[in-house]
Structure formats: C-alpha cells, structure tokens
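Undergrad: Input: one structure, supplied below.
The values are calculated or read from the model by the stated rules, or taken from the named source; none is laboratory data. It should be emphasised that the depicted structure is a prediction, and the values quoted were computed from it without experimental measurement. Because the Cβ atoms are built from the backbone with ideal geometry, glycine has one as well, and the counts that use them run over all protein chains shown.
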Amino acid sequence: MKTEDFRRHAHDMVDWMADYLETVEDYPVRSQVRPGDIAARLPLAPPSEGEELSAIFADFKNDVMPGMTHWQHPGFFAYFPGNSSPPSVLAEMLTATLSAQCMLWETSPAATEMETRVLDWLRQMVGLPDGYHGVIQDSASSATLCAILVAREKATGWRANQSGLGNDGRLVFYTSEEAHSSVAKAARIAGVGDEFLRAIPSDDTFAMRTDDLRAQIEADRKAGLKPAGVVATVGSTGVGGIDPLDEIAAICREHDLYFHVDAAWAGAALILPEERGRAAGIEQADSIVFNPHKWLMTNFDCSAHFVRDPDALVKTLGILPEYLKTVGGSEVIDYRDWGVPLGRRFRALKLWFVIRSYGVEGLQDIIRSHIAWAGELAELIDTASGFELMAPRSLALINFRHLPADVVDDAAIDAINERLLAVINDDGRIYLTRNRIRGRFAIRFSIGQTTTTRAHVLDAWRVIQELAAGLTETRVKPEDAC
C-alpha cells in the first residue's frame, strides 16, 4: 500500500471511529447473532490475490460489526468494565504505527523508561509507599502467575526452575473461595495443582476467614506439606469481596509465606483517598496487581503489577541467551525478565496519554461518580417491591434478583431470574451478567464505562423493572387472573 493510499484510508477509518464512539449507544449492547452466523459470512479459503482496502473495510462494517458486543456502550453493565477513552485509542494508533517490540531497553529506550515512570505515577496515585517497582503485564492473570512462580521458587530455595518440583512438590497455596479463576489456573501452570490450592471460606461480607486460613496452614504443616503463599483479593469478581489484608499479612509474616494481592478491578478505586481504608494492609504485600484497562479509561491490555523485590522476579523468570545480550547492563531495566512473554508492546504510551489527558482529579471524578451512582441504584433495588439485593454493594458492583411475591420456591426463583437475565440481554438496551451467591442465582450489575452517566444507570433500572413486569405478565394466564 502506498503512503498516499494509507493516508486516505486512515482518514476514512478515523472518521468512522469517531462516528462509532458518538453513536455506539444506537447498537444493541450485546451482539445478537447466533453461533456460526459470522463464520458463515467469512470465505472458507483465503483470497489468492490482494483486495482493495475499501472492500475489506466495507466487509468489516457489514460482516464483522453485527458480531461485536459493544464494551464502550454506556449501557454495558456486564462483567467488569473494559473501558477506554479517546486519548487511549489515539495512543494505541501510535503504538501500532511504531510497532516496536519493547522487550529490552535497547529495542526502544523510550518504552522502557516511560513504563518505569508511568508505573511510579500509578504507585503514587493509589497510595502505595516507596519501595514498590512496577511493570505492565497483559492481564492480572499473568501477574498472578508471576507471583505464584516467585513464591514457588522462594519456597523451594530457588530449586524448582532448575530441578522441577521433585521433593519440593508438595507446596500449598491459599486463596479465598471468592478468588478469581486465574488463581487456580496459575496454580496449575506453576505445577502446584488443584489439590494443593486451598479455597478458604468467606464470611458474611465475602471476605476470607483468617481463622480458617491459619488453621489450614497449621494443618498442612502437620501433614508434612509446605505452605508457600497466599493470594488475597480486593474486589472479587462475583461480589466485590475484600479480604482482610492486615490480618493476612500478619499470618504470612508468621509463616514466611509470599503474599500477593489481586486487586484487578477494585485497585483503580484506590486513587480515591476515601476508599483506601478498604484495602488497609495492601502496603504489606510482596506483590500487587490492578488493571488500568478495567477502570482507568485505558484500553485493553494494560495491567499494573507492583513488586517489592524485582530481583526475585528476574531471578525466577530471567533467561539470557547470547542473542539477547545488549548494552547497558545494570544501568537499565530489561522488562522481558519481568513477565512470561519475551515480546512486549509499548503499553505505557496509552497510559501516559490517559493520565495526562484526564489528570488525577479527572480520573477520580469518574470513578467517584460510578461509585455514587451504584449506591443510588442499590438503594432503589433495596426499597423496590419484588427485588432484593443478594450481597452488599461493593464500590460500583451490585448483585440482585427479582423476587415475585407469588413465588417462594428457591429453584423457581432461580429459574425466573435466569429467564429475566436472558430477556434483558436479548432486549439489547443494556447488558448484565449472571452470578451465583451462596448457591442462589443472581443478576450482576457493574458500573464503569467511560461514557456512562447517572441517566444511563437510572434508565437501566427502568428497563429491568419493565422487563421483569412483562415476564410476570407472561407467567400469569388470563384464567389465573380472574
């Protein structure tokens, strides 16, 4: 493609992008296609000759867009937010244009040094003390895997990488029953195995029970096992549970265990000084992760991983073949040794754009608003006839269910709510997700999109009530109403 053609098509696409961001609310939030619909539009074999970009772009709009779920829609209240912002998108365009592989300082000094500086900005923004060193991972899953690998090496005297787990194979890790599935996946990848990952029960606030944690550690020691680490959660995926970090930190010190905190979603809220008390004790962790790509207006992927001892991370993950030796030595950071992949994108650029564009106060205003609107919605649900909260609101996360007055059987209530969720998502105006809380079906509502306003939240509540009422009407036969 010639440069002049690239320029013309780029302008067309940027115009489309701007129009999309302006009109995204016109789309159904969740894609309404059926399985196989998009594949049916795609040729079975690749083209033998090159095609015009205008034709490719037209097919993108006609054949791809119907299969997209619109994460930037202000009615997206599903999962945790995967929000973005115009400054982030523009920075991503520059990143793609430069297309740098930033594995070493030498392969792009600006990428490395900006990552170091911007991660220290984040450290300051969330109130972490000096002594933490940051790196951008692709996801919290990768950061948690790195933490478990470091804990494994420390617990085996740095032997596992060299000789495998062998006689040290009976390592045990601990996390809450509310923890994200990435903890279990990391334990599998690290060779720990499901059998030696303990899911500690949670209390009425969905926080890990530290008395149970202590008892389990002591029982495992007596059984000849080797406790190695604890993964605590700040803002669990299902209900936003927050583990008692101070108490867990004390137990980890007592038993010489590695302490990792998964704050993938809720960590962003720590930019609000008034919310930091929720995570008291986080400053005692060996490592912490939270995702700017969830709640800090920075598009995926951008996960902030902070460690107290970067040397331990490098010792665990670093391998130095001849072809990776470069100038700089100990004077520079080579982030290739701070994560699993060798290859690294210039992720710091979009974070730099976002923080500078919004400023700390602008980002605080957005998150503070989301939390306030969630509090307002939780109160509406709690006082509404025919609805109930299933768990305490956590920041901007709510779990609720429809509770028809004429239905008392738990299984029937579950079935009604499962049906209501399907009707809501098929309707297309908003998008919510499912949950189970203490065995009961719940509807999960998470506020966090960049362009969501209070009006969108209140409109979503009206949609829920409207569709719930319609569902009730279809359950009542005319003869039953006589």
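Undergrad: Inside the stretch 268-311, can you point out the residues that are hydrophobic (A, V, I, L, M, F, W, C) and closer than 20 Å to D365 by Cβ?
TA: Residues of the stretch 268-311 hydrophobic (A, V, I, L, M, F, W, C): 268-272, 279-280, 282, 285, 288-290, 295-297, 300, 302, 304, 306-307.
A268, A269, L270, I271, L272, F290, W295, L296, M297, listed by residue number.
Undergrad: Could you check E418 against (1) at pLDDT 95 or above; (2) assigned to a loop (DSSP other than H, G, I, E, B) and say which number it fails?
TA: Unmet for E418, out of (1) at pLDDT 95 or above; (2) assigned to a loop (DSSP other than H, G, I, E, B): (2).
Undergrad: Has the stretch 306-315 got at least one residue that is among the aliphatic types (A, V, I, L, M) and touching a strand residue (DSSP E or B) at 6+ places or on another chain (Cβ under 6 Å)?
TA: To start, the set of residues in the stretch 306-315 that are among the aliphatic types (A, V, I, L, M) comprises 307, 312-314.
Of the ones still in play, those that are also touching a strand residue (DSSP E or B) at 6+ places or on another chain (Cβ under 6 Å) are 307, 313.
Yes; the residues of the stretch 306-315 include at least one that is among the aliphatic types (A, V, I, L, M) and touching a strand residue (DSSP E or B) at 6+ places or on another chain (Cβ under 6 Å).
Undergrad: Hey, does the stretch 269-280 have a residue that's within 21 Å of D203 (Cα to Cα), assigned by TED's automatic domain parsing to the domain that holds E153 and hydrophobic (A, V, I, L, M, F, W, C)?
TA: Within the stretch 269-280, one or more residues are within 21 Å of D203 (Cα to Cα), assigned by TED's automatic domain parsing to the domain that holds E153 and hydrophobic (A, V, I, L, M, F, W, C).
Undergrad: Does R152 satisfy the criteria of being free of Cβ contacts under 8 Å to residues at least 12 places away in the same chain and assigned by TED's automatic domain parsing to the domain that holds D203? Before you say what the answer is, go through the steps one by one.
TA: Details: free of Cβ contacts under 8 Å to residues at least 12 places away in the same chain: no; assigned by TED's automatic domain parsing to the domain that holds D203: yes.
Against the criterion (free of Cβ contacts under 8 Å to residues at least 12 places away in the same chain and assigned by TED's automatic domain parsing to the domain that holds D203), R152 does not qualify.
Undergrad: Being outside any loop (DSSP other than H, G, I, E, B) and within 22 Å of the chain's Cα centre (by Cα) is true for just one of A215, A232, A219. Which residue is that?
TA: Values: A215 fails: within 22 Å of the chain's Cα centre (by Cα); A219 fails: within 22 Å of the chain's Cα centre (by Cα).
The unique qualifying residue is A232.
Undergrad: Within the stretch 359-374, can you find the residues that are loosely packed, with under 14 Cβ neighbours inside 10 Å and small (G, A, S)?
TA: Going residue by residue through the stretch 359-374, those that are loosely packed, with under 14 Cβ neighbours inside 10 Å are 359-362, 365.
Within the stretch 359-374, G359, G362 meet the criteria.
Undergrad: Exactly one condition in (1) more than 29 Å from G428 (Cα to Cα); (2) surrounded by 12 or more Cβ atoms within 10 Å (Cβ to Cβ); (3) among the hydrophobic types (A, V, I, L, M, F, W, C); (4) free of Cβ contacts under 8 Å to residues at least 24 places away in the same chain is not met by L53; state its number.
TA: So L53 meets the others, but not (4).
Undergrad: Of the residues M17, M93, only one is closer than 27 Å to S303 by Cα, outside the structural domain of V423 (by TED's automatic domain parsing) and of a type outside the set (G, A, S); which? Spell out the reasoning first.
TA: Numbers: M17 fails: outside the structural domain of V423 (by TED's automatic domain parsing).
Checking each option against the conditions leaves just M93.
Undergrad: Being touching a residue at least 24 places away in the same chain (Cβ under 8 Å), part of a loop (DSSP other than H, G, I, E, B) and in the same structural domain as E275 (by TED's automatic domain parsing) narrows it down to one of W105, W121, so name that one. Reasoning before the result, please.
TA: On the way: W121 fails: part of a loop (DSSP other than H, G, I, E, B).
None of the others qualify; the one that does is W105.
Undergrad: Only residues that are assigned to a helix (DSSP H, G or I) and not aliphatic (A, V, I, L, M): list them for the stretch 11-43, please.
TA: We begin by selecting, within the stretch 11-43, every residue assigned to a helix (DSSP H, G or I); these are 11-26, 37-41.
Within the stretch 11-43, H11, D12, D15, W16, D19, Y20, E22, T23, E25, D26, D37, R41 qualify.
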